[in-house]
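The values are calculated or read from the model by the stated rules, or taken from the named source; none is laboratory data. Because the structure is predicted, anything quoted here is derived from the model rather than measured. Here the Cβ is made from the backbone with ideal geometry for all residues, glycine too, and neighbour counts use every protein chain on show.
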Amino acid sequence: MAYEKIFRSNKYLRDAGYFSAIALIIFAITNLPNKKVEPVETISLENPCPVHLPQGLPTGTAETNDLIVRGEYCLSSNDDTKFADWVAFRLTRETITGSSEQNRYWKADPAIAPSETLEPDDYEGAYQAYGYDRGHLAPLASFRGANWENVNYLSNIVPQKAAFNRGAWKDLEEYERDLVREHGEVFVIVGTAYDDYFVGQLSNADEVANIPDFLWRIISYNGKIEAYIFPQETAAGTDFKLGETTVFEVEQ
């Protein structure tokens, strides 16, 4: 099932300022229903993303953010940073099961204005010069049974230090899939956070972009909630459990 809706202005979201974009979690994921939520075609302004956020939209993102709703995920893209403030998605056993033959054909998101997002050429030389991978927020390997090509849009990707992306972050994503195999359904919100404004950007990008200093993840399953946050400089070999924290700390 594929559907897509783009909201150019989040007028129904509370504009609480740039750095409050991650102060948004509790309403969206607390007390998630245990029953299976089926995809629906109908999208309302009250909750345009009922599949992935059955309790409603997170609050705190800027009014200028672009809210994009697809069958695989919904995300809030920040015009200033050029990256998503958050990406929310629902995983099931069907979603994560399928062929591992998935390419990494990167694409600019056609739903976002070219001046507000990155293109594939912007990442040219990023690994060689700075050690950055193209790091998925909604993971490619978690959508083998879905329209995984949409997961390769650069709106769902951030520059991520390779040691972190291929280490603790990858291990956390696999743990997340283990939870899906065990419980059948998992809700996830993944996002970015910043220490300072414009502390780093991709040298080949023609847009001014701000690389996140931290990545966070909140996982909800079977009435339980787990929260994690990591700095980009997380070393290779770090146990992902060392990043475990509370929802409150992520909001702070």
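Regarding the range 232-242, can at least one residue be identified that is surrounded by 15 or more Cβ atoms within 10 Å (Cβ to Cβ), touching an Asp or Glu at 6+ places or on another chain (Cβ under 8 Å) and either small (Gly, Ala, Ser) or closer than 20 Å to residue 52 by Cα (or both)?
To start, the set of residues in the range 232-242 that are surrounded by 15 or more Cβ atoms within 10 Å (Cβ to Cβ) comprises 232, 234, 238, 240.
Next, only the ones that are touching an Asp or Glu at 6+ places or on another chain (Cβ under 8 Å) stay: 232, 240.
Among the residues that remain, those that are also either small (Gly, Ala, Ser) or closer than 20 Å to residue 52 by Cα (or both) are: none.
No, the range 232-242 has no match at all.
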I'm trying to understand the selection: among the residues of the range 154-191, which are modelled with pLDDT of 95 or more and basic (Lys, Arg)? 166, 170, 177, 181
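May I ask you to verify whether residue 62 is more than 19 Å from residue 149 (Cα to Cα) and either among the small types (Gly, Ala, Ser) or at pLDDT 95 or above (or both)? So that I can check it myself, show each step before the final result.
Working: more than 19 Å from residue 149 (Cα to Cα): yes; either among the small types (Gly, Ala, Ser) or at pLDDT 95 or above (or both): yes.
So residue 62 passes the test.
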Inter-residue pairs, beta-carbon under 8 Å, first more than 18 Å from residue 188 (Cα to Cα) and surrounded by 23 or more Cβ atoms within 10 Å (Cβ to Cβ) and in the range 131-160, second of a type in the set (S, T, N, Q) and at pLDDT 95 or above, 6+ apart: none
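Out of contact with any helix residue (DSSP H, G or I) (no Cβ under 8 Å at 6 or more places or on another chain), at pLDDT below 95 and closer than 21 Å to residue 51 by Cβ, is that true of residue 81?
Details: out of contact with any helix residue (DSSP H, G or I) (no Cβ under 8 Å at 6 or more places or on another chain): yes; at pLDDT below 95: yes; closer than 21 Å to residue 51 by Cβ: no.
So residue 81 fails the test.
Run down 115, 155 and say which single residue is of a type in the set (S, T, N, Q) and either over 19 Å from residue 84 (Cα atoms) or under 15 Å from the mean Cα position of the chain (by Cα) (or both).
On the way: 115 fails: either over 19 Å from residue 84 (Cα atoms) or under 15 Å from the mean Cα position of the chain (by Cα) (or both).
Within the list 115, 155, the selection yields 155.
Residue 181: over 16 Å from the mean Cα position of the chain (by Cα), surrounded by fewer than 17 Cβ atoms within 10 Å (Cβ to Cβ) and not in a loop (DSSP other than H, G, I, E, B), yes or no? Explain how you work it out, then say what you get.
Details: over 16 Å from the mean Cα position of the chain (by Cα): yes; surrounded by fewer than 17 Cβ atoms within 10 Å (Cβ to Cβ): yes; not in a loop (DSSP other than H, G, I, E, B): yes.
For residue 181, the condition - over 16 Å from the mean Cα position of the chain (by Cα), surrounded by fewer than 17 Cβ atoms within 10 Å (Cβ to Cβ) and not in a loop (DSSP other than H, G, I, E, B) - is met.
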So residue 6 ticks every box in (1) in a strand (DSSP E or B); (2) at pLDDT 75 or above but one. Which box is left unticked? (2)
Index of the failed condition, residue 215 passing every other in (1) touching an Asp or Glu at 6+ places or on another chain (Cβ under 9 Å); (2) in a strand (DSSP E or B); (3) in contact (Cβ under 8 Å) with a residue 40 or more places away in the chain: (1)
Here are the criteria: (1) over 27 Å from residue 250 (Cα atoms); (2) modelled with pLDDT under 95. Tell me which single one residue 94 does not satisfy. (2)
Note on the range 97-122: residues in contact with an Asp or Glu (Cβ under 9 Å, 6 or more places away or on another chain) and either of a type in the set (A, V, I, L, M, F, W, C) or at pLDDT below 85 (or both) are 102, 103, 105, 106, 108, 111, 112, 113, 118, 121, 122
Condition met for residue 217 (at pLDDT 85 or above, basic (Lys, Arg) and either over 19 Å from the mean Cα position of the chain (by Cα) or closer than 16 Å to residue 86 by Cβ (or both)): yes
May I ask you to verify whether residue 148 is farther than 22 Å from residue 67 by Cα and not polar (S, T, N, Q)? no
Out of all the residues in the range 51-74, which are in a strand (DSSP E or B) and touching a helix residue (DSSP H, G or I) at 6+ places or on another chain (Cβ under 6 Å)? 70
